[in-house]
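*Asks:* Let me give you the structure first, and then I'll get to my questions.
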Amino acid sequence: MAAKKEGVTYEEIIRMVRAGNFAPIYYLMGEEDYYIDKVSEFIVDAALKEEEKDFNLTVYYGTETTTDEVINAAKRFPMMAERQVVIVREAQNMAGKEHLSYYLEHPQPTTVLIVCHKHGVLDKRKKLAADIQKKGILFESKKLYDSQLPGFVTSYLQRKGMTMEQQAVMMICEFVGSDLSRLSGELDKLILALPEGERRMKAAFVETHVGISKDFNNFELVSALVAKDVLKVNRIVKYFNDNPKNFSLQLTLSVLYGFFSNLMIAYYAPQRTEEGIAAWIEQPRWQVTRNILPAMRKYSGVKVMQIIGKIRETDAKSKGVGNTIATPGGLLKELSYFILH
């Protein structure tokens, strides 16, 4: 196959492999284990039939092998199969990786070499990285931002023929966080728990089966802010501050920004009915009934505009802009006070 440029995506690799276009080398690296594991598993299953794996699948571990041993294995011919696969796990610990450049001068055309380098990346200025890009695939698996997690959940479920309410999507993202292996595992559990014949997951179902706190989550925070329930807001903010492992300020800000942005748009709806506003802001009626309409009675358009500005300011501070001492919990406390007063 033709060499791919740097920046190839997970989806592109899957499409190429599914079409039978195998590269002589796949160097999979980065901080996010999930995509490294998924790509390597997919290539192995696509390249070899189950009965071919006994003789044509060789697995090495970086702590127990050298690059020269891997190269010698890669130079072998397959046995009673079209190709062989050599895979190196924990390659970040393998000595002499730069020797792969010699192998790539004349790679064995019947070998698919997969190198899994986790928790780090190759220096892309070095010769090896350039050689890999010329002959095969250099793939970097990056951690997703919290704001990207809902898209991951939606796409994952779509591939399984499932859908999930937006509130439920945000709930599970908030509860599990950015560990994609754990997140996909929780989604698989939910799919198995779903009653036969049902294809859509609702928020109550997710709450029950994942064990999400019914009192301390971003959606309860929104509801408390809508009601201007100062005591409840303070309780939720304190819980977030006391449980930093269960709290992502970026995800909270994303939820708040999404809500108040929709609230701002709602003021311009041609029809101020539940149906009219729901259609105008493209949100479900329950969201309009539960939060949008009550919030329109509590907050003026000017105040909402100021709140949106404050959320942006808080986001900037959370990333170090103009902030040297405030903790995520402290920033949320300051933002909540501004919203309420």
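The values are calculated or read from the model by the stated rules, or taken from the named source; none is laboratory data. Predicted model only: the values in this text are computed from it and were never measured. Methodologically, a virtual Cβ is constructed for each residue, glycine included, from the backbone with ideal geometry; neighbour enumeration extends over all protein chains shown.
*Asks:* Can you name the number of the only condition in (1) under 30 Å from Ile36 (Cα atoms); (2) surrounded by 15 or more Cβ atoms within 10 Å (Cβ to Cβ) that Asp188 fails?
*Replies:* Only one criterion is unmet by Asp188, namely (2).
*Asks:* Now for a separate question. Of the residues that sit in segment 311-325 and are small (Gly, Ala, Ser) and either within 24 Å of the chain's Cα centre (by Cα) or under 22 Å from Leu225 (Cα atoms) (or both), which one is surrounded by the fewest Cβ atoms within 10 Å (Cβ to Cβ)?
*Replies:* Going through segment 311-325, the residues small (Gly, Ala, Ser) turn out to be 316, 318, 320, 322.
Filter again for either within 24 Å of the chain's Cα centre (by Cα) or under 22 Å from Leu225 (Cα atoms) (or both), leaving 316, 318, 320.
Numbers: Ala316: 12, Ser318: 19, Gly320: 8.
Only one residue fits best here, namely Gly320.
*Asks:* Please enumerate the residues belonging to segment 18-36 that are farther than 27 Å from Tyr145 by Cα and outside any strand (DSSP E or B).
*Replies:* Our first condition is that a residue be farther than 27 Å from Tyr145 by Cα; within segment 18-36, this holds for 18-25.
Answer for segment 18-36, where residues must be farther than 27 Å from Tyr145 by Cα and outside any strand (DSSP E or B): Arg18, Ala19, Gly20, Asn21, Phe22, Ala23, Pro24.
*Asks:* Can you find even one residue in segment 25-32 that is over 14 Å from Cys116 (Cα atoms), in the same structural domain as Val115 (by TED's automatic domain parsing) and not basic (Lys, Arg)? I'd like the intermediate steps shown before the answer.
*Replies:* Just the residues of segment 25-32 that are over 14 Å from Cys116 (Cα atoms), to begin with: none.
No.
*Asks:* Scan segment 39-62 residue by residue and report those that are part of a helix (DSSP H, G or I) and either among the basic types (Lys, Arg) or over 30 Å from the mean Cα position of the chain (by Cα) (or both). Even if it seems obvious, please write down each step before you answer.
*Replies:* Step one: of segment 39-62, the residues part of a helix (DSSP H, G or I) are 39-47, 50-56.
Answer for segment 39-62, where residues must be part of a helix (DSSP H, G or I) and either among the basic types (Lys, Arg) or over 30 Å from the mean Cα position of the chain (by Cα) (or both): Glu50, Glu51, Glu52, Lys53, Asp54, Phe55, Asn56.
*Asks:* Hey, any hits in segment 13-21 for a residue that's more than 26 Å from the chain's Cα centre (by Cα) and in the same structural domain as Cys116 (by TED's automatic domain parsing)?
*Replies:* Yes, the conditions are met somewhere in segment 13-21.
*Asks:* If a residue counts only when it is free of Cβ contacts under 8 Å to residues at least 40 places away in the same chain and surrounded by fewer than 14 Cβ atoms within 10 Å (Cβ to Cβ), which helices (runs of 4 or more DSSP H) contained entirely in segment 245-307 have at least 1 such residues?
*Replies:* Details: elements: 249-266, 274-281, 293-298.
Of the helices (runs of 4 or more DSSP H) lying wholly inside segment 245-307, those with at least 1 residues that are free of Cβ contacts under 8 Å to residues at least 40 places away in the same chain and surrounded by fewer than 14 Cβ atoms within 10 Å (Cβ to Cβ) span 274-281, 293-298.
*Asks:* Out of the residues in segment 200-234 that are charged (D, E, K, R), in a helix (DSSP H, G or I) and at pLDDT 80 or above, which is nearest to Tyr156 (Cα to Cα)? Full working, then the answer.
*Replies:* Filtering segment 200-234 for residues charged (D, E, K, R) gives 200, 202, 207, 214-215, 220, 228-229, 232.
So of that shortlist, the ones also in a helix (DSSP H, G or I) come out as 207, 220, 232.
Add one more test, that the residue is at pLDDT 80 or above, and what stays is 220, 232.
Values: Glu220: 26, Lys232: 34 Å.
That would be Glu220.
*Asks:* Out of segment 63-94, which residues are in a strand (DSSP E or B) and of a type in the set (Ser, Thr, Tyr)?
*Replies:* Thr66
*Asks:* Suppose we filter segment 241-257 for residues that are closer than 18 Å to Gly177 by Cα and touching a helix residue (DSSP H, G or I) at 6+ places or on another chain (Cβ under 6 Å); how many remain? I'd like the intermediate steps shown before the answer.
*Replies:* Quick first cut of segment 241-257, residues closer than 18 Å to Gly177 by Cα only: 241-256.
Adding the requirement that they be touching a helix residue (DSSP H, G or I) at 6+ places or on another chain (Cβ under 6 Å) leaves 241, 247-256.
So the count comes out to 11.
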